[in-house]
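What follows is a single structure, written as structure tokens, with notes after it.
Only the coordinates and a few stated rules stand behind these numbers; no lab work does. Keep in mind that what you see is a predicted model, and the values were worked out from it rather than measured. Note that we place each Cβ from the backbone using ideal geometry, even for glycine, and neighbour counts take in every protein chain shown.
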Amino acid sequence: MSTADHATDVVVIGAGQAGLSAAYHLRRAGFVNDSGFVVLDHGKRAGGAWQYRWPSLVLGKVHGIHDLPGMAFGTPDVTRPASEVVSEYFARFERTFDLPVRRPVDVTAVRTAGERLLVETPAETWSARAVISATGTWDRPFLPYYPGRFAGRQLHTADYRGAEEFRDRRVVVVGGGTSAVQLQLEIARVARSITWVTRRPPVWLDEPFSEDWGRRAVAKVERRVREGLPPESVVSVTDLALTPEVRAARAAGQLDRKPMFDHLVPEGVVWADDSFEPADVILWATGFRASIDHLAPLHLRAPGGGIQLDGTRVVAEPRLHLVGYGPSASTVGANRAGRAAVHEIRRLLGK
């Protein structure tokens with residue numbers, strides 16, 4: 001503790017939905033400002049991962065934003081970019097509850113330091129009795145490996161900024177989630193051609209997205225982390241909604257999915273039966289992995305390759321809680337996870 005620049009009861013890493021939920025409940029539980037807890041966020045402004053979403057993703061195309069605790073999201077203009085609306089909501093939440101968020105701060109490591117945990121950043125260190133890691137997934141876009149070499153452009157959905165850059169291009173979209181569908185519908189207006197490939201056939205649900213739908217998806221992921229397995233993303237198990245826009249596209253012959261190709265060639269992609277699809281661009285809508293590199297010094301990996309959790313508490317390190325990881329990496333699960341983590345920490349610290 002004497003070697004740290006600051007000492008506090010709890011450090012929250014990340015100020016997305018899960019981190020802000022945890023901060024809210026810490027405040028209500030009597031942890032006061034920096035001496036009780038601090039939130040370290042690497043974003044330049046409020047908004048979590050939402051601030052980085054592509055401009056054409058308007059609020060009306062989002063599955064749904066779950067209210068942060070204590071403050072309703074309201075009924076904002078659904079034609080505005082989600083990146084703007086959600087960031088404004090998060091900033092308003094931070095101000096309203098006077099949350100001690102410091103940014104931009106990059107947490108590089110969390111280590112054991114006797115009875116405390118040491119949180120390291122490039123500029124300073126924090127000694128904490130407990131840590132809530134709420135770093136989400138946006139910083140870890142997943143690009144699967146396929147043999148061969150492609151001479152065209154490759155990008156991930158995290159790099160997507162708009163359809164215009166695909167004008168008159170032959171595009172291969174890889175991935176079976178909602179983002180893959182939404183981006184295809186945008187790109188199809190300007191692209192020369194689009195080929196959609198997925199590992200599994202898409203599952204279409206003829207019902208509007210709801211909290212119950214989201215909870216079913218969260219439950220699938222939660223079973224994996226309890227077993228110490230790497231979590232699948234919530235998005236990957238959410239299935240696809242048959243919206244009016246999707247229905248119209250399918251009726252027009254779009255969204256005709258093909259199975260995954262076998263390998264890459266300079267001019268495109270090739271399947272196992274040697275069929276070939278020429279391409280200028282490959283867009284990988286293949287999701288994200290948990291941003292947990294800062295936890296490597298704690299050696300938390302279970303034999304199954306993941307971090308075993310009991311609720312949000314890390315089994316191998318009870319002073320550490322993961323929110324925004326696995327089942328709580330969604331707006332549906334984040335609030336519940338933040339509340340649960342604070343409840344456990346209160347018991348741990350005798351508050």
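Residues checked against (1) charged (D, E, K, R); (2) under 26 Å from the mean Cα position of the chain (by Cα); (3) in a helix (DSSP H, G or I):
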site: Ala130; (1), (2), (3): no, yes, no
site: Gly136; (1), (2), (3): no, yes, no
site: Ala151; (1), (2), (3): no, no, no
site: Leu155; (1), (2), (3): no, yes, no
site: Ala158; (1), (2), (3): no, yes, yes
site: Arg161; (1), (2), (3): yes, yes, no
site: Val171; (1), (2), (3): no, yes, no
site: Gly176; (1), (2), (3): no, yes, no
site: Ala180; (1), (2), (3): no, yes, yes
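For Val342, the conditions (1) over 30 Å from Val173 (Cβ atoms); (2) over 23 Å from the mean Cα position of the chain (by Cα); (3) of a type in the set (Val, Ile, Thr) are fulfilled apart from (2). Does Arg103 qualify as being in contact (Cβ under 8 Å) with a residue 40 or more places away in the chain, in contact with a helix residue (DSSP H, G or I) (Cβ under 7 Å, 6 or more places away or on another chain), of a type in the set (D, E, K, R) and surrounded by 14 or more Cβ atoms within 10 Å (Cβ to Cβ)? No, not satisfied.
If I ask for residues that are in a loop (DSSP other than H, G, I, E, B) and either surrounded by fewer than 24 Cβ atoms within 10 Å (Cβ to Cβ) or hydroxyl-bearing (Ser, Thr, Tyr) (or both), which ones from the stretch 1-27 would you list? Break it down stepwise before answering.
Looking only at the stretch 1-27, we keep the residues that are in a loop (DSSP other than H, G, I, E, B), and these are 1-5, 14-16.
Within the stretch 1-27, Met1, Ser2, Thr3, Ala4, Asp5 qualify.
Applying the selection to the stretch 26-60, what residues are of a type in the set (A, V, I, L, M), farther than 17 Å from Val11 by Cα and without any contact (Cβ under 8 Å) to a residue 60 or more places away in the chain? Please lay out each step first, then the result.
Our first condition is that a residue be of a type in the set (A, V, I, L, M); within the stretch 26-60, this holds for 26, 29, 32, 38-40, 46, 49, 57-59.
With the extra rule that they be farther than 17 Å from Val11 by Cα, the set shrinks to 46, 49, 57-59.
Across the stretch 26-60, the qualifying residues are Ala46, Val58, Leu59.
Would you say Val78 is of a type in the set (A, V, I, L, M) and assigned to a loop (DSSP other than H, G, I, E, B)? Don't jump to the end; show me each part of the working.
Details: of a type in the set (A, V, I, L, M): yes; assigned to a loop (DSSP other than H, G, I, E, B): yes.
Taking the combined requirement at face value, the residue satisfies it.
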